[in-house]
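Nothing in this text is a laboratory measurement; each read-out follows from the coordinates by a stated rule. All of these numbers come straight from a predicted model, not from anything done at the bench. Positions of Cβ are generated from backbone atoms using ideal geometry, with glycine treated the same way; all protein chains shown enter the neighbour counts.
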Amino acid sequence: MIKAEIRAEAERLFAAFQAAGAQPVEADILLPADMLLDLYGEDIRARAYVTQDPLRGEMVLRPDFTVPVVQAHMAHGADPARYTYMGEVFRKQDTLRPRAAEYLQVGFEVFDRTAPEEADAEVFALFADLLAPLRVQPQIGDIGILMAAVRGLETTETRRAALLRHVWRPRRFRHLLDRYAGRTGPHPARVRLLKALEEGTLPKTGPHIGLRSASEIAARIHALAEDADTPAIPPKCASLLEDLMALSGPAPQAVERLRDLAVDMPHISDAVERFATRLAALKARGVAVDALPFETTHGRTTLEYYDGFVFTFHATDPALPVIASGGRYDALTRVLGQGQSIPAVGGIIRPHLVAQLRAAGC
Amino acid sequence: MLKIGVPSKGRLMEKTFDWFGARGVTMRRTGNEREYSGEVEGLDGVQLVLLSAGEIPRELSAGRIHLGVTGSDLVRDKLADWSAQVAEVAPLGFGHADLILAVPVCWVDVDTLDDLDATASAFRRVHGFRLRIATKYHRLVRDFLTENGVADYQLVDSQGATEGTIRNLTAEAIADITSTGETLRANHLKVLEDAVIHRSQATLFAARAADWTEARPALKALMDRLGLPLPDLVREG
């Protein structure tokens, strides 16, 4: 049930986003599942209500607006563009904790090629301003710096690609890094296979079954043999990467420490300077950056489409979900744009939580 | 009245009866062979409810039975946040089966989760869709793969003859229960070496949502007879 005061709160935020220059847009509540499933995989089944339509196949109750808004913009939007939307989103809750399965979201998205760091600052400053009357804590991060660090690692393109693919899955990322840095040995099964390959005694396997072809299998065996000869990532490089991932602190100090790290990891310099530019833009917009908490990997385990600046605002009560969140998702526009792409940044506010905080007087 | 749900037929029922019988609690079916009714001898206030093992998790969740015997795999797969809904009273030491991931034997390059993950990535690139894993244990498999950071796969539902899906080109890998592995071998499949998703066995569960006010004395008598401590049934949070 959506209470009147929550809707009023949502309307207020929606109006504020329009006053900030955003064009209001609508999105269907019932969305085709294929695009979302392709994008998010099984996670979406765990989080969204997937249902069956007799003619249109699998459909999803809108889990967020970003994908339909990006799709609409890529199909017939002209840039630069600023959009705002307000409506229900639906999230399955797999625990008995009392969390809403249906709630309003109000969002603001900027598609602008000119000055990405300016756009980042614009979105964050707008959110900070709207949430200023509440006792909420901001937190920022920048997945782009981590991705730049991985792209610059002294190793093969295959290994860099494998690490980049798992930037959003810390456990597998760590597992791969440990293996590539020679901290853990290969699995005995891998050693067996490579030995058999060398001796020309690959095991008999019986009939070939399934869609994955013999040539795909052969290609991977070849790649494994090649990977086995790849020198380990030097310990110094691996630990620099780990220092970078563990880095947290007030934003201005974080910039300085990142610049120090960039002396040994020159490939992150551009990303670090973009962060510095963004910080200056935030300051120019009146954001109190001196105490703004930064973590390189903030937002790393949430939706995997953020690939640059990320931010959240959370309540002092740690039991509450984040009040607002957002970030940059340039790569997503490429995936949904069928050959086209545009730098994009945006975020959402959850008005039911804003109303709750307001009612609690904090 | 304390209601205890047990599997209504087959080896699981017999083994359950044996387990309780060995501890001085006699359960037996009543009426004719096809009638699903039964009784517990020698204990007052305990009612036997014969149910399909697959429905016992749901009945526990709803609190329509107080205790239930079923596979630990079924409880974990069918109940969201299972430990908040039921308490594990005792593992019963039979009905052992492992939920595993299996791939074709001809995939000589795939023996571990690492391999499966890398293969899923390449498969998606080549075929344009996510590598399909056939299973009926959606929650357990998805949670396991998410926890281990495996990407680029999708689950496809298979309620039976799951081992045949790969040959029929409706899946590339399977996640299923196996005890001896014979069916897997017969279908040219092998188990991933580091991917036991769950080691299941028949387990006695207690329902947190059941009304325990009147059933508590019978529960205490039953637990005394079985030599088990009283389960902690205080609902959390």
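Give me the inter-chain shielding for A:39-46: mean count of other chain Cβ atoms within 10 Å, whole number please.
For this peptide, the per-residue mean of nearby foreign Cβ atoms is 5.
Using a Förster radius of 56 Å, what is the FRET efficiency between A:GLU242 and B:ARG167 based on their Cβ-Cβ separation? Nearest 0.05, please.
Efficiency for this residue pair is about 0.80.
Charges at C-beta only: +1 for Lys and Arg, -1 for Asp and Glu. How large is the resulting dipole of the protein assembly as shown about its Cα centre, in Debye rounded to 20? Write down the numbers at each step before the final one.
Numbers: 70 positive and 80 negative charges, 178 e Å.
Taking the Cα centre of the protein assembly as shown as origin, the dipole is about 860 debye.
Given N residues in chain B, what is Rg(Cα) / (2.2 N^0.38 Å)?
On the way: Rg = 20.5 Å, N = 237, 2.2 N^0.38 = 17.6 Å.
Relative to the 2.2 N^0.38 Å estimate, chain B comes out at 1.16.
In debye to the nearest 20, how big a dipole does segment B:97-200 give about its Cα centre with +1 on each Lys and Arg Cβ and -1 on each Asp and Glu Cβ? It would help to have the intermediate numbers written out before the result.
Numbers: 11 positive and 16 negative charges, 86 e Å.
About 420 debye.
Which cross-chain or sequence-distant (5 or more) residues have an amide H under 5 Å from the amide H of A:GLY308, H modelled 1.01 Å from N in plane?
A:ILE143, A:GLY144, A:ARG328
Only loop residues by DSSP count here, and only those with at most 13 other Cβ atoms within 10 Å; note down the trypsin sites (Lys or Arg not before Pro) in segment B:32-128 that meet that.
B:ARG34
Sorted from largest to smallest, which semi-axis lengths in Å does the alpha carbon gyration tensor of segment A:183-231 give for its equivalent ellipsoid, taking the root of 5 times each eigenvalue?
For segment A:183-231, the ellipsoid semi-axes come out as 21, 13, 10 Å.
Could you list, in their original order, any pairs among A:LYS3/A:LYS283; B:LYS136/B:LYS220; A:LYS92/B:LYS190; A:LYS195/B:LYS190; A:LYS92/B:LYS15 whose Cα atoms are separated by more than 31 Å?
Pairs exceeding 31 Å: A:LYS3/A:LYS283; B:LYS136/B:LYS220; A:LYS92/B:LYS190; A:LYS92/B:LYS15.
Give the residue from A:PHE108, A:ALA81, A:GLY144 lying farthest towards the positive end of the charge dipole for segment A:52-202; charges sit on Cβ (+1 for Lys and Arg, -1 for Asp and Glu) and the dipole is referred to the Cα centre.
A:GLY144
What distance in nm separates the simple spin-label points at A:THR201 and A:ALA232, each placed 7 Å from Cα in the Cβ direction?
Reported label-point gap for A:THR201 and A:ALA232 is 2.8 nm.
List the longest stretch of chain B that has no exposed loop site; here a site is one of the GluC sites (Glu not before Pro) assigned by DSSP to anything other than H, G, I, E or B, with at most 12 other Cβ within 10 Å.
Working: sites that count: B:GLU33, B:GLU35, B:GLU214, B:GLU236.
Between exposed loop sites, the widest span is B:36-213.
Counting only C-alpha contacts under 8 Å and six or more residues apart, can you give the relative contact order of chain A as a whole percent? Display every interim value, and only then the final one.
Working: 545 pairs, mean separation 88.1, N = 362.
Relative CO of chain A lands at 24 percent.
Let me know the whole percent of all Cα-Cα pairs from segment B:169-232 that are separated by more than 13 Å.
76 percent
Go ahead and estimate [θ] at 222 nm for chain A from helices alone: -39,500 (n - 2.57) per DSSP H run with n ≥ 4, summed, over the residue count, rounded to 500.
Value at 222 nm, helices only: -14500 deg cm²/dmol.
For chain B, modelled as a Gaussian network with Cα springs under 10 Å, which listed residue fluctuates most, B:SER61, B:SER200, B:SER37?
Evaluated over chain B, the most mobile residue of the options is B:SER37.
Under 1.5 on a/c is rounded, so check that first for segment A:91-179, then, if it is not, pick prolate when a/b is larger than b/c and oblate when it is not; a ≥ b ≥ c are the square roots of the alpha carbon gyration tensor eigenvalues. Numbers along the way, then the final one.
Working: a/c = 2.63, a/b = 1.40, b/c = 1.88.
Cα axes put segment A:91-179 in the oblate bin.
Give me the percent of DSSP beta bridges within the protein assembly as shown that run antiparallel, rounded to the nearest 5.
Percent antiparallel among DSSP bridges in the protein assembly as shown is about 80.
Take every residue in peptide B:168-174, count the Cβ atoms of other chains within 10 Å of its Cβ, and give the average of those counts.
2
Counting only other chains, and only Cβ atoms inside 10 Å, what mean value do you get across the residues of A:158-164?
Counting other chains' Cβ atoms within 10 Å and averaging over A:158-164 gives 1.
Please work out whether segment B:97-200 counts as rounded, prolate or oblate from its C-alpha gyration tensor, where a ≥ b ≥ c are the square roots of the eigenvalues and a/c under 1.5 means rounded, while otherwise a/b larger than b/c means prolate and anything else oblate?
It is rounded, given that a/c, with a ≥ b ≥ c, falls under 1.5.
Amide H of B:LEU204: which non-local residues (sequence gap of 5 or more, or other chain) have their own amide H closer than 5 Å, using H built in the peptide plane?
B:VAL89, B:ALA90, B:LEU92
Of A:VAL191, A:PRO231, A:ILE209, which is farthest along the charge dipole of segment A:183-231 in the positive direction, counting Lys and Arg as +1 and Asp and Glu as -1 at C-beta?
The residue sitting most towards the positive pole is A:ILE209.
Label points 7 Å out from Cα along the Cβ direction at A:ASP260 and B:TRP212: separation in nm?
Taking the simple label geometry, A:ASP260 and B:TRP212 are separated by 5.5 nm.
By DSSP, what percent of the beta bridges with both residues in chain B are antiparallel, rounded to the nearest 5?
Antiparallel bridges: around 65 percent, rounded to the nearest 5.
Which order do the peptides B:223-229, A:152-158 take when ranked by the mean count of other beta-carbon atoms within 10 Å per residue, highest first?
A:152-158, B:223-229
What nm value, rounded to one decimal, do you get for the distance between A:ARG97 and A:ALA78 when each label is placed 7 Å out toward the C-beta?
Using points 7 Å along Cα→Cβ, the separation is 4.6 nm.
Take every DSSP beta bridge with both residues inside segment B:97-200 and express the antiparallel ones as a percent of the total, to the nearest 5.
Given both bridge residues lie in segment B:97-200, the antiparallel proportion sits at roughly 65 percent.
Given the options B:ILE133, B:ILE166, B:ILE174, which has the most mean-square fluctuation in a GNM of chain B, springs set between C-alpha atoms less than 10 angstrom apart?
Residue with maximal mean-square fluctuation among B:ILE133, B:ILE166, B:ILE174: B:ILE166.
For a quick check: with amide H placed at 1.01 Å from N, whose amide H comes under 5 Å from B:LEU79's, ignoring anything fewer than 5 positions away on the same chain?
Amide H neighbours of B:LEU79, under 5 Å, 5+ apart: none.
State, as an integer percentage, the relative contact order of segment B:97-200 based on alpha-carbon contacts under 8 Å between residues 6 or more apart. Can you show the working numbers first?
Numbers: 181 pairs, mean separation 51.8, N = 104.
Normalised by residue count, the contact order of segment B:97-200 is 50 percent.
Decide, for the protein assembly as shown, between rounded, prolate and oblate: order the square roots of the alpha carbon gyration tensor eigenvalues as a ≥ b ≥ c, take rounded if a/c falls under 1.5, and otherwise choose prolate if a/b is larger than b/c, else oblate. Display every interim value, and only then the final one.
Working: a/c = 2.08, a/b = 1.35, b/c = 1.54.
Taking the square roots of the gyration eigenvalues as a ≥ b ≥ c, the protein assembly as shown is oblate.
Only four residue types carry charge here, +1 at the Cβ of Lys and Arg and -1 at the Cβ of Asp and Glu. Report the dipole size of chain B about the Cα centre in Debye, rounded to the nearest 20.
Approximately 560 debye in magnitude.
So what is the relative contact order for segment A:205-362, in percent, with contacts set as C-alpha pairs under 8 Å and at least six apart?
14 percent
Work out the charge dipole of the protein assembly as shown with +1 on the Cβ of Lys and Arg and -1 on the Cβ of Asp and Glu about the Cα centre, then indicate which of B:SER179, B:CYS106, B:LEU140 is farthest towards its positive end.
Of the listed residues, the answer is B:SER179.
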